[in-house]
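Down below is the structure, laid out as structure tokens.
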Amino acid sequence: FGLDGEEMWYADFIKGEGVVALPPFADPFTFLGFYEQAVGQQGVCKANLATAIKAYKNPEEKI
């Protein structure tokens with residue numbers, strides 16, 4: 001079977017865990033450390049977003 005670009009795994013930050021999104025008939029995978037890495041990347045993303053908001057606050061509109 002092929003995944004056709006579908007997600008194999010995603011981080012559920014509300015539940016605080018990683019979720020395997022593969023169908024039950026797929027070969028089992030383990031994603032050790034992926035959730036912890038996702039939490040770290042989320043922190044980086046939030047910091048970058050805060051910087052971008054400050055840098056581009058109320059940009060001049062081009063007509």
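No value in this document is a laboratory result; all are computed from the given coordinates. Bear in mind that the values here come from a model prediction, so they are computed numbers and not experimental data. Because the Cβ atoms are built from the backbone with ideal geometry, glycine has one as well, and the counts that use them run over all protein chains shown.
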* Using only Cα atoms, tell me the angle between helix 34-55 and the longest principal axis of the chain; keep it within 0 to 90° and round to the nearest 10. => 10
* To do: Counting residues in the chain as N, plug N into 2.2 N^0.38 Å and put the Cα Rg over that result.
  => 1.67
* To do: Assign unit charges at the C-beta atoms only (+1 for Lys and Arg, -1 for Asp and Glu), then state the dipole size of the chain relative to its Cα centre in Debye, rounded to the nearest 20.
  => 480
